[in-house]
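The numbers here are math on the coordinates, done by the rules we state, and not lab data. For clarity, every value in this text was computed on a predicted model and none was experimentally measured. All Cβ positions, even for glycine, are placed from backbone atoms using ideal geometry, and neighbour counts span all protein chains on display.
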Amino acid sequence: MSRPIRIAPSILAADFSRLGEEVAALDQAGADWIHCDVMDGHFVPNISFGPEVIRAIRPRTNLLFDVHLMIAPVDPYLEAFAKAGADLISIHAEAGPHAHRTLQAIKALGKQTGLVLNPGTPVSVIEPLIGDLDLVLLMSVNPGFGGQSFIGATLEKIAQVRALIGDRPIALEVDGGVTAANAGDCARAGADTLVAGSAVFKGGALADNIAAIRRAAEAARGDWV
Ligand code: DX5
Ligand code: ZN
């Protein structure tokens, strides 16, 4: 099965005073997905934005909205994010005791499902849920902020998840501290979808930064393609 490399810029690193324009610019610059980092100041020590911001930027692109919910509890807010325009909704395995029920609720809303693992959470957590997933997201930083350094131990987890996924149509996304310098390592280990905030928005043209990450990943990806 061929698995194209996807680049999913995180709008957490965008200019919030021009978020609509920034999303449109990402579309023009060759982004594959738009990664929307939702933070509640409770599950993570930072607050970002909610469903109304997702609704506001929705008309600016047709790209898939990859909504990363760093919130707890999750269930009360799923419908609002689904109606606001989320296409794929990812929840943290650590956000509550009922991940299976939450994933069922996301599917019932007609959206794709993702499960996110923090750096300290073992891959085995995915096993009972693998049949309900469209995406696995591995955090390569502790969630809450952009601009952090990539946690190298994530590479082994990527390889473990790649083996677990096998030939299932499940995307393997990595999020946090991803740059053109480590994108090749991530792809070689088995990641097919790369989130990048600072590496896309901080310095240089968006299109050049996205292309540099993509080029590095495509040049290195392993034999899992
Ligand atoms: C962190 C977020 C990441 C982050 C990525 O909690 O989930 O998506 O914004 O930003 P960089 O690429 O700058 O680490
Ligand atoms: Zn994220």
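Shape call for segment 1-159 from the C-alpha gyration tensor, a ≥ b ≥ c root eigenvalues: rounded (a/c under 1.5), prolate (a/b greater than b/c) or oblate? Mind dumping the intermediate values first?
Working: a/c = 1.39, a/b = 1.24, b/c = 1.12.
Here segment 1-159 falls in the rounded category.
Find out how many positive minus negative residues lie around Leu117, taking Lys and Arg as positive, Asp and Glu as negative, among other residues whose Cβ is under 13 Å from that of Leu117.
On the way: positive: Lys157; negative: Glu94, Glu127, Glu156, Glu173, Asp175.
After counting each charged neighbour, the total is -4.
Restricting to bridges with both residues inside segment 6-220, how much of the DSSP beta-bridge set is antiparallel, in percent to the nearest 5?
Given both bridge residues lie in segment 6-220, the antiparallel proportion sits at roughly 5 percent.
Would you mind counting up the charge near Asp192? Only other residues with Cβ under 10 Å from its Cβ, with Lys and Arg at +1 and Asp and Glu at -1.
Values: positive: Arg3, Arg6, Arg162, Arg221; negative: Glu173.
Summing Lys and Arg as +1 and Asp and Glu as -1 gives +3.
Can you tell me the FRET efficiency between Arg101 and Ser17 if r is taken as the Cβ-Cβ distance and R0 is 41 Å, rounded to the nearest 0.05?
The calculated FRET efficiency here is 0.60.
Check cross-link reach from Lys83 to the aspartates and glutamates: straight Cα distance under 16 Å, and skip same-chain residues fewer than eight apart.
Glu52, Asp66, Asp75
State the Cα centre-to-centre distance between segment 156-176 and segment 1-76 in whole Å.
21 Å
Starting from 0.36 nm per residue, how many nanometres of slack lie between Val125 and Ala163 once their C-alpha separation is accounted for?
On the way: separation 38, 0.36 × 38 = 13.68 nm, distance 1.43 nm.
Extra length available between Val125 and Ala163 comes to 12.2 nm.
For the chain, build the charge dipole from Cβ charges (+1 Lys, Arg; -1 Asp, Glu) around the Cα centre, then report which of Asn209, Leu78, Val44 sits farthest towards its positive end.
Asn209
Rounded, prolate or oblate: which one fits segment 37-81, using the alpha carbon gyration tensor with axes a ≥ b ≥ c (rounded when a/c is under 1.5, else prolate when a/b beats b/c, else oblate)? Don't skip to the answer; put the middle values down first.
Working: a/c = 2.28, a/b = 1.78, b/c = 1.28.
Taking the square roots of the gyration eigenvalues as a ≥ b ≥ c, segment 37-81 is prolate.
Quick one: if the Förster radius is 25 Å, what FRET efficiency do Glu52 and Ser149 give, using the C-beta to C-beta distance and rounding to 0.05? Present the calculation step by step, with values, prior to reporting the outcome.
Numbers: r = 32 Å, r/R0 = 1.29.
Step by step, r from the Cβ atoms, then E = 0.20.
About the Cα centre of segment 6-220, what is the dipole size in debye to 20, counting +1 per Lys and Arg Cβ and -1 per Asp and Glu Cβ, all else neutral?
On the way: 16 positive and 24 negative charges, 23 e Å.
About 100 debye.
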